[in-house]
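Novice: Before we start, here is the structure in question, set down as structure tokens.
The values are calculated or read from the model by the stated rules, or taken from the named source; none is laboratory data. If you're wondering where the values come from, they're calculated on a predicted model, not measured in any experiment. Every residue, glycine as well, gets a Cβ built from its backbone with ideal geometry; the counts of neighbours run over all protein chains shown. These accessible areas exclude ligands, DNA and RNA; they are computed on the full protein's heavy atoms, side chains included. Shrake-Rupley method; radii C 1.70, N 1.55, O 1.52, S 1.80 Å.
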Amino acid sequence: MMALSWLLVLLAITSTTLSTNPGVTVRLTDKGLQYGKQLGIAALQKELQSVHIPDYSGSEHVSPIGKVTYSLTNMRLVNTGLPRSAVNLVPGTGVRLTIGNAFMNLHGDWRVKYLRIIKDSGSFDVNVNGLTISTTIAVKSDEMGRPVVSNTNCVATVGSAKVKFHGGASWLYNLFSKFINKALCNALQEQICPLVDKTVAGLNLKLKTLNVLAKVDKYAEIEYSMVSSPAVSQSSIDLNLKGEFYNIGKHQEPPFTPAAFSLPSENSNMLYMALSAFTANSAAFVYNKAGVLSLYITDDMVPKSSPFRLDTKTFGVFIPQIAKQYPGLMMKLLVRAEKNPSITFQPKNATLQATGTVTAYAIQHNGTLSPLFVLNLESSVSADVFVRGLSVAGHLTLNEMKLSLGTSYVGPFQVGSVDSALRTVLKIVVIPIVNVQLDKGYPLPALGKMNLVKPQIQIMKDYVLIGTDVDFTG
């Protein structure tokens with residue numbers, strides 16, 4: 001029933017949070033709805049295999065024999081079919097499921113007694129036809145923003161149940177089979193909606209697998225609770241999620257809020273996920289607050305193939321007084337963000353702006369660090385965003401870098417002289433380290449054993465749009 005659960009979670013109708021702009025919007029299209037219907041109907045058909053018809057007994061007066069006492073036992077379902085079904089969106093409400101022309105085949109045993117002393121037995125088959133089910137599935141939110149489901153307005157009818165008896169005095173049963181047909185119709189009809197109720201109620205365990213709070217790493221987690229009622233139209237559903245990063249165990253709101261954005265009218269995929277710039281910037285806020293947007297760089301982090309070395313001899317070429325005051329020493333750089341990086345999305349372009357400092361040290365032979373200079377750094381990088389599994393990941397490329405002198409401990413020098421050296425450090429050390437982390441990915445909203453099929457990414461104004469089909473393995 002996982003696929004049906006996925007369908008239902010996207011139909012959540014209420015939220016415990018006051019309406020606000022979402023950080024992430026998930027859109028289920030009609031194509032996704034129909035996929036959910038196919039898998040959901042298959043799961044429901046499996047559930048119907050558990051239908052139980054209790055033993056049935058009674059008596060009828062059959063002319064010219066008189067009173068006939070009978071019993072039907074060991075009735076079991078042999079086959080069931082749901083050849084016609086439909087799932088439709090009800091704007092402002094949820095989803096309506098209808099099933100028509102369903103059938104069931106049952107087999108059982110019979111016994112009969114008449115003329116007080118004559119007993120006989122045999123088997124029988126029942127063909128149930130014209131079974132119809134119509135129900136509305138209501139989805140609400142619990143106090144944690146998770147969806148919970150319930151079945152409402154279920155109506156089930158059985159068109160006909162025809163019994164055919166075999167063996168012994170089956171001819172006798174066939175004389176009054178119409179009475180038994182009616183009794184079986186009523187017995188089946190009474191079971192269908194309670195079985196649908198039980199099936200829908202059982203989905204709540206599956207719905208709890210929605211990663212409402214998904215751990216990213218030891219520093220951060222991302223919240224995907226619902227922030228407002230979804231917009232249900234005739235052709236799609238928009239589910240609005242918080243989509244905000246937090247420090248683990250300490251949820252502090254950033255000094256900015258999500259801006260409103262709207263999705264394009266696309267329906268070629270089953271599912272669309274829009275990840276806003278707010279979500280990305282909340283991640284930058286969290287990691288900066290956690291103190292991890294700083295990096296010490298030493299020479300052993302520079303590729304051995306690079307002619308550039310992190311020592312006073314190399315930097316002495318650009319700033320001679322460094323080589324004179326600190327000859328033959330290795331160096332260490334501290335690159336640190338001074339404020340939260342800013343991520344912006346424009347059509348076909350994702351950009352990250354970072355403001356920080358670069359502090360250079362000479363490493364004395366006893367390990368003491370002697371400060372050399374502090375540079376102010378303004379940088380711009382392009383971001384390539386992609387999907388791997390159920391995560392969104394990225395890769396950065398340096399665009400621009402601007403340096404200005406903050407403090408010099410070795411006397412005045414032209415900042416431009418070290419521009420190429422620092423640019424090399426960013427390109428071959430800092431950005432590759434950041435890319436290793438970005439490549440690990442950040443979890444997307446997902447349910448159970450859901451897989452994305454051929455996801456495609458578009459960079460839109462203020463958000464990243466992921467269009468994808470989906471597949472469930474269980």
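Novice: Would you kindly find the accessible area of residue 251, with a 1.4 Å probe and non-protein molecules such as ligands, DNA and RNA excluded, rounding to the nearest 10 Å²?
Specialist: Using a 1.4 Å probe on the heavy atoms, I get roughly 90 Å².
Novice: Say each of residue 143 and residue 74 gets a label point 7 Å from the Cα, pointing the same way as Cα to Cβ; how far apart are those two points in nm?
Specialist: For the pair residue 143/residue 74, the computed spacing is 5.3 nm.
Novice: Suppose R0 equals 41 Å. What FRET efficiency, 1/(1 + (r/R0)^6) with r the Cβ-Cβ distance, do residue 253 and residue 407 give to the nearest 0.05?
Specialist: Once the sixth-power term is evaluated, E becomes 0.75.
Novice: What residues from the stretch 109-130 fall in the zone where the backbone N is under 14 Å from a label point 7 Å along the Cα-to-C-beta line of residue 57?
Specialist: The answer is 110-114, 120.
Novice: Cβ neighbours within 10 Å, averaged per peptide: list 305-315, 202-212 in order, most packed at the top.
Specialist: 202-212, 305-315
Novice: Now a separate question. Compute the Rg to Rh ratio over the stretch 108-190 from the alpha carbon atoms, using the Kirkwood formula for Rh, and round to two decimal places.
Specialist: Across the stretch 108-190, the Cα-based Rg/Rh ratio is 1.30.
Novice: In nm, to one decimal, how far is the modelled label at residue 117 from the one at residue 134, with both set 7 Å along Cα→Cβ?
Specialist: 5.7
Novice: Quick one: compute the contact order of the chain, relative version, from alpha carbon pairs under 8 angstrom and 6+ residues apart, as a percent.
Specialist: Once normalised by length, the contact order is 15 percent.
Novice: Put 359, 397 in order of accessible area, largest first, 1.4 Å probe: what do you get?
Specialist: 397, 359
Novice: If you don't mind, there's one more thing I want to ask. To the nearest 0.05, what FRET efficiency results for residue 34 and residue 398 with a Förster distance of 35 Å applied to their C-beta separation?
Specialist: Efficiency for this residue pair is about 0.20.
Novice: How far, in nm, would the chain grow between residue 380 and residue 294 when pulled straight, counting 0.36 nm per residue and subtracting the alpha carbon separation?
Specialist: 29.3 nm
Novice: Return the aspartates and glutamates within reach of residue 461: Cα separation strictly under 20 angstrom, same-chain partners fewer than 8 residues apart disregarded; answer none if there are no such residues.
Specialist: Cross-link targets: 238, 244, 266, 384.
Novice: By its C-alpha gyration tensor, with a ≥ b ≥ c as the square roots of the eigenvalues, how is the stretch 361-411 shaped: rounded for a/c under 1.5, else prolate for a/b larger than b/c, else oblate?
Specialist: Verdict is oblate for the stretch 361-411.
Novice: Now for a separate question. Counting Lys and Arg as +1 and Asp and Glu as -1, each charge on the Cβ, what is the dipole of the chain about the Cα centre in debye, to the nearest 20?
Specialist: I would put it at about 920 debye.
Novice: Next question, about the same structure. Among 70, 383, 359, whose Cα lies farthest out toward the positive end of the dipole of the chain, if unit charges sit on the beta carbon of Lys, Arg (+1) and Asp, Glu (-1)?
Specialist: Comparing the listed Cα positions along the dipole, 70 ranks first.
Novice: Another one. Near residue 402, which lysines are there with a Cα under 19 Å away, not counting those fewer than 8 places off in the same chain?
Specialist: 339, 427
Novice: List residues of the stretch 452-474, by number, whose backbone nitrogen lies under 19 Å from a label position 7 Å along Cα→C-beta of residue 260.
Specialist: In the stretch 452-474, the label zone of residue 260 (backbone N under 19 Å from the point 7 Å along Cα→Cβ) covers 461-464.
Novice: Hey, in the chain, which Cys have no second cysteine's beta-carbon closer than 4.7 Å?
Specialist: 185
Novice: Quote the charge dipole size of the stretch 217-280 about the Cα centre in Debye, to the nearest 20; the model charges only the Cβ of Lys and Arg (+1) and of Asp and Glu (-1).
Specialist: Around 80 debye, computed over the stretch 217-280.
Novice: Excluding ligands, DNA and RNA, what is the solvent-accessible area per residue of the chain at a probe of 1.4 Å, expressed in Å²?
Specialist: In whole numbers, the chain has 47 Å² accessible per residue.
Novice: If I ignore ligands, DNA and RNA and count only protein heavy atoms, how much of residue 109 is accessible to a 1.4 Å probe, in Å² to the nearest 10?
Specialist: 50
Novice: So which lysines pass the test for residue 449, namely a Cα distance under 20 Å, with those fewer than 8 places away in the same chain ruled out?
Specialist: Within reach: 31, 37, 46, 206, 208, 215, 440.
Novice: Still on this structure, I have one more. Return P(r) of the chain (all Cα-Cα pairs; 20 Å bins starting at 0; whole %; ordered from short to long distances).
Specialist: Pair shares across the bins are 20, 34, 23, 14, 7, 2, 0.
Novice: Next question, about the same structure. For a quick size check, give me the Cα extents of the stretch 85-223 along its three principal axes, largest first, whole Å.
Specialist: So the extents along the principal axes, rounded to whole Å, are 82, 35, 21.
Novice: Heads up, I need the accessible area for residue 123: 1.4 angstrom probe, whole protein in place, Å², nearest 10.
Specialist: 30
Novice: For the stretch 293-432, what % of the accessible area comes from carbon and sulfur atoms, probe 1.4 Å?
Specialist: 55
Novice: Bin width 5 Å, alpha-carbon pairs only: give the P(r) of the stretch 104-155 as whole percents, running from 0 to the bin holding the largest distance.
Specialist: 5, 12, 12, 9, 10, 9, 8, 8, 8, 7, 5, 3, 2, 1
Novice: Here's something else I'd like to know. With θ taken as phi - 60° and the coefficients 6.51, -1.76 and 1.60, list the Karplus ³J(HN,Hα) couplings across the stretch 375-380 in order, rounded to whole Hz; mark glycine and proline as x.
Specialist: Couplings: 10, 7, 10, 10, 9, 10 Hz.
Novice: Let me ask you something else. Provide the FRET efficiency to the nearest 0.05 for the residue 346-residue 49 pair, computing r from the beta carbons and using R0 = 51 Å.
Specialist: Step by step, r from the Cβ atoms, then E = 0.40.
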